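Following: one structure in structure tokens, then a few remarks.
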Amino acid sequence: MPEVFDVIVIGSGPVGSGFARRIIEQNGPCKLLLVEAGEDLKGSGGTNIRNLQPQDRVAAYAQAESFPLARLPDGLPDNRLKARPGTFLARHDALPEPDDVAMPAAAMSSNVGGMAAHWTCACPRPGGAERIDFLPAQQQDAAFTVAEQYLSVRQDGFPPSPQADFIVERLRRDFGAGRTPNRLPQPMPLACRPGVDGPIWAGVDVVLGPLADPATRAEKGVELRTGTLCRSVLHSNGRVTGVSLRDLASGREYNVSSGIVMIAADAFRTPQLLYASNIRPDALGRYLNDQPQVISLIELDPDRQWQTQQDAETNDQRDSVTGVSWIPYADDDFPFHAQLMQMDTSPIPLEPKSDGSGRPVVGLGLFAAKQPRAEDRIIFDGGEDALGMPRFRLDYCLSEADRSLQAKAHDVVERVGASLGRVVGKPIILPAGTSLHYQGSYRMGSVDDGTSTCDPNSRVWGFDNLYLGGNGIIPTPTACNPTLTAVALAVMAADHAVAMMRKQQ
Ligand code: FAD
């Protein structure tokens, strides 16, 4: 007899974990299975790996690299793109070519917590055209509030410092005109809590809340099953009936039944799983969207005397007290999301260039909002990956409009540099996929017209009980970091699923 669950969630990243927490909070205990292909790195229960001691961090990254899709084949070129720690590239042999047609830096993670075991925790709310206009604004705002609680989002993760105050003050002076108070330049909302040596970063241990504790999970009927690949979703006549799973250690394959299935398996592997399940709406895998990214270094006002705090590990001129500051996206005036980061919070390692003067250097990351287009897509055209799932490749490029926006990003770098001090060196355009913010590939729509994969409640069009979650569901062109939005949409979807469960009782 197959096991029977009320709800099965595929993927234990912040979205899958958010699904699980919301279902249990709103419904009360029920039989919920959270399926994760990867392992719990160092048995840390979904903690952000950046919180671990250096030797444990190294061991956790090594464990992540042993996941079958992450293992590097022999004979790769030396000049290939390298994945960031804890992630692996969709194409191990991708080169850093200016031609970004196949999105060379596209990456994934497979472990408890997904990418959020490794993320940088910036959690801004979207604004203007970034928001989804066909969802009721009040409902969205309420869901953002819950998502902020689940992720433990705050603006005081870093203690105040003269550098951080200077940055926000100058940015408000030079980029604040015409903005409402909540969209002024400000400290970045971060998923963290203050700690003695700096912020303690949120992972899915935080998102799961009480369910992070195995005893509480058992009490509430929740099971986290790691090292388990979902091979396909079982369905007939517009209803899912369960899923087919494979234990990756033993190779054992088995089916489990469920009243509801929710998939949060990232922007590439959610479409992959649907494709493998023969659920292939026209928009599946299309409208793939990544945020073109430009980075630069900025030296703060050279005419001031700064008390800098040198980084103990590197003993260089990195400033470790500026925290993270944010210039929010603003439709026509500022179609970018800007984050200014002290070096150790930058997800992209930037070489600090300093003349030894002790003046603080911060990293500026600019994300642009790319226009979603059907032709930017995930293509399944035969073959299998190392786990026996449909192999995919990416077809993707920037339009003329996207390229002109990218060019404007250089002007913005100059303006930010002039506002705060001076730009050091030349801004760098990063290869497509570097943002790690892949959206649109199973996007939500207001009507089933072939341009979306799921409805406003996150259910796959034509299915009663199959919900999707993650950045791939976001239909709008966004520049801001998407995880908060994805968790907010998961909260709304979970509420809908609970209402369905109640109706069926
Ligand atoms: P993921 O976290 O990707 O989790 C998906 C999980 O599904 C994975 O663990 C995977 O193993 C599992 N899975 C996939 N397929 C299957 C299957 N068939 N069966 C079973 N399991 C499966 N975002 C921000 O908003 N702000 C930031 O500052 C930020 N910084 C980042 C910095 C870094 C270095 C990285 C790596 C990411 C960053 N991100 C950031 C991105 C952020 O981590 C992701 O947006 C977020 O984790 C997406 O959550 P998710 O739950 O949808 O998917």
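The values are calculated or read from the model by the stated rules, or taken from the named source; none is laboratory data. Not measured: the values here are computed from a predicted model. Neighbour counts are summed over all protein chains in view; Cβ atoms, including those assigned to glycine, are modelled from backbone coordinates with ideal geometry. Note: accessible area is taken over every heavy atom of the protein model, side chains too, but ligands, DNA and RNA are not part of it. Shrake-Rupley method; radii C 1.70, N 1.55, O 1.52, S 1.80 Å.
Restricting to strands (runs of 3 or more DSSP E) lying wholly in segment 234-306: which have 3 or more residues that are free of Cβ contacts under 8 Å to residues at least 24 places away in the same chain?
The strands (runs of 3 or more DSSP E) meeting that bar are 239-247.
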Looking at segment 229-245, can you tell me whether even one residue there is near the ligand (Cβ under 8 Å from one of its atoms), surrounded by fewer than 24 Cβ atoms within 10 Å (Cβ to Cβ), within 20 Å of residue 459 (Cα to Cα) and not β-branched (Val, Ile, Thr)?
yes
The one condition residue 207 fails out of (1) closer than 30 Å to residue 164 by Cβ; (2) open to solvent by less than 10 Å² (accessible area, probe 1.4 Å); (3) away from the ligand (no atom under 16 Å from the Cβ) is (3)
Within segment 473-492, of all residues that are out of contact with any Leu (no Cβ under 8 Å at 6 or more places or on another chain) and in a helix (DSSP H, G or I), the one nearest to the ligand (Cβ to nearest atom) is 486
Considering only segment 62-77, I want to know if a residue exists there that is open to solvent by less than 50 Å² (accessible area, probe 1.4 Å), away from the ligand (no atom under 11 Å from the Cβ), at pLDDT below 95 and within 30 Å of residue 210 (Cα to Cα). no
Of the residues in segment 16-44 that are modelled with pLDDT of 95 or more, within 10 Å of residue 112 (Cα to Cα) and part of a loop (DSSP other than H, G, I, E, B), the one that is farthest from the ligand (Cβ to nearest atom) is 40
Residue check for residue 83: under 20 Å from the mean Cα position of the chain (by Cα), open to solvent by 10 Å² or more (accessible area, probe 1.4 Å), among the hydrophobic types (A, V, I, L, M, F, W, C) and within 11 Å of the ligand (Cβ to nearest atom) = yes
Residues of segment 108-120 being more than 7 Å from the ligand (Cβ to nearest atom) and over 17 Å from residue 151 (Cβ atoms), in sequence order, are none
- prompt: Can you find a residue in segment 151-174 that is free of Cβ contacts under 8 Å to residues at least 24 places away in the same chain and either within 12 Å of the ligand (Cβ to nearest atom) or not charged (D, E, K, R) (or both)?
  reply: yes
Of the residues in segment 1-15 that are in contact with a Gly (Cβ under 9 Å, 6 or more places away or on another chain) and hydrophobic (A, V, I, L, M, F, W, C), the one that is nearest to the ligand (Cβ to nearest atom) is 15
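Suppose we filter 269, 286 for residues that are at pLDDT 90 or above, under 20 Å from the mean Cα position of the chain (by Cα) and open to solvent by 40 Å² or more (accessible area, probe 1.4 Å); which single one remains?
Going through 269, 286 in turn, just one is at pLDDT 90 or above, under 20 Å from the mean Cα position of the chain (by Cα) and open to solvent by 40 Å² or more (accessible area, probe 1.4 Å): 286.
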Take residue 405 and tell me if it is within 16 Å of the ligand (Cβ to nearest atom) and not basic (Lys, Arg).
no
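Tell me, which strands (runs of 3 or more DSSP E) lie completely within segment 342-454 with 1 or more residues that are modelled with pLDDT of 95 or more, open to solvent by less than 10 Å² (accessible area, probe 1.4 Å) and over 17 Å from residue 293 (Cβ atoms)? Let's see the steps before the verdict.
Numbers: elements: 361-368, 377-379, 393-395, 421-429.
The qualifying strands (runs of 3 or more DSSP E) are 377-379.
Could you look through segment 356-413, keep only residues that are among the hydroxyl-bearing types (Ser, Thr, Tyr) and over 22 Å from the mean Cα position of the chain (by Cα), and pick out the one that is nearest to residue 90 (Cα to Cα)? Spell out the reasoning first.
Filtering segment 356-413 down to residues among the hydroxyl-bearing types (Ser, Thr, Tyr) leaves 357, 396, 399, 404.
When the remaining residues are screened for being over 22 Å from the mean Cα position of the chain (by Cα), the result is 357, 399, 404.
On the way: 357: 42, 399: 23, 404: 27 Å.
Out of the qualifying residues, it is 399.
On the basis of being over 30 Å from residue 150 (Cα atoms) and either over 24 Å from the mean Cα position of the chain (by Cα) or surrounded by 20 or more Cβ atoms within 10 Å (Cβ to Cβ) (or both), does residue 253 make the cut? Step through it out loud before you land on a result.
Numbers: over 30 Å from residue 150 (Cα atoms): yes; either over 24 Å from the mean Cα position of the chain (by Cα) or surrounded by 20 or more Cβ atoms within 10 Å (Cβ to Cβ) (or both): yes.
Yes.
Residue-by-condition table, conditions (1) within 21 Å of residue 118 (Cβ to Cβ); (2) in contact with a strand residue (DSSP E or B) (Cβ under 8 Å, 6 or more places away or on another chain); (3) within 12 Å of the ligand (Cβ to nearest atom):
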| residue | (1), (2), (3) |
| --- | --- |
| 435 | yes, yes, yes |
| 462 | no, no, no |
| 468 | no, yes, yes |
| 471 | yes, yes, yes |
For segment 429-443, pairs from a residue that is touching a residue at least 12 places away in the same chain (Cβ under 8 Å) and closer than 13 Å to residue 482 by Cα to a residue that is of a type in the set (Asp, Glu) and open to solvent by less than 20 Å² (accessible area, probe 1.4 Å), with Cβ under 6 Å and 6 or more apart or across chains, are 435/290; 438/290
